[in-house]
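The values are calculated or read from the model by the stated rules, or taken from the named source; none is laboratory data. Computed from a predicted model, the values in this text were never measured in an experiment. Because the Cβ atoms are built from the backbone with ideal geometry, glycine has one as well, and the counts that use them run over all protein chains shown. With ligands, DNA and RNA removed, areas are computed over all heavy atoms of the protein, side chains included. Shrake-Rupley method; radii C 1.70, N 1.55, O 1.52, S 1.80 Å.
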Amino acid sequence: VALARDNAHNRFLRSTSDEDRRAEILEELARICGLAGPPHRIECFDNSNLGGTNPVASQVVFIDGQPAKSEYRTYKVREVVGNDDYSTMAEILRRRFRRAAEEGLFPDLLVVDGGPGQLAVAQAVLDDLGLSDQPVIGFAKPRSEKKRTKATDLFDKIVLGTGEIRLKDHDPVLNLLRHLRDESHRFAIGFHRKQRQKSALITVLDGIEGVGPARRKALLTAFGSAAGVKAASREEIEAVVGSVTAKRVWAAMHPEV
């Protein structure tokens, strides 16, 4: 009992200490960005595509400096064709903040992955929606620099409408923004990978002899998705498209067998 009490006490002290550190970091972030107070809700957006195919975007949310994964969102790009980062960001932010205006849920700080160009796009979208007061910053990677004449140029930078802020490497505020940016990148890449896999499976269906639009629709309706078709047994597929076509579908979906 004494050991359990001591362990619980130590965990409480560590937790309290972590909360205090996060609060200090958020206060400093607010000071740097000119916010009225420490940001409770921070949202970060990132785009992902491969050669313009299956373009998607992610929305990552941190609450009081910690990831709130239940608040993460993914977006399929609907309007932009090809690899156009600016237009993609504009579309996603427009959709997000139109919904925010309807629901009344705004971030205390919006972070866009990129430099002055991405920040200008975000600000233009907010201005167009009548949300000019929404705090927004850019967070740019070192590779966006054209010249690296200073040691600080090797690190990420905070981009404001009034200029750039460069912090020392491993500064707590810098590390928080890196964590936020890396989470948005990881989440976007993961969603993009899933979309590519779905597209690849559907393409496989389209190339199977005997599977025209009607049978393709029947398979997707029966199993929910191309992945569902792949997961189905040969007997289950046969019940939808018959034995001959089922054999072809099974062989195409399981080339390793």
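The listed residues Arg178, Arg73, Arg98, once ranked by accessible area (1.4 Å probe) with the largest placed first, stand as Arg98, Arg73, Arg178.
The simple spin-label model puts a point 7 Å past each Cα toward its Cβ; for Val1 and Arg178 those points are separated by 4.7 nm. Residue ranking by accessible heavy-atom surface, 1.4 Å probe, largest first, among Thr74, Thr221, Thr88 comes out as Thr221, Thr74, Thr88.
When Cys44, Cys33 are compared by accessible surface with a 1.4 Å probe, the order from highest to lowest is Cys33, Cys44.
In terms of distances greater than 30 angstrom between alpha carbons, the cross-link table entries Lys69/Lys217; Lys76/Lys141; Lys76/Lys157 yield Lys69/Lys217.
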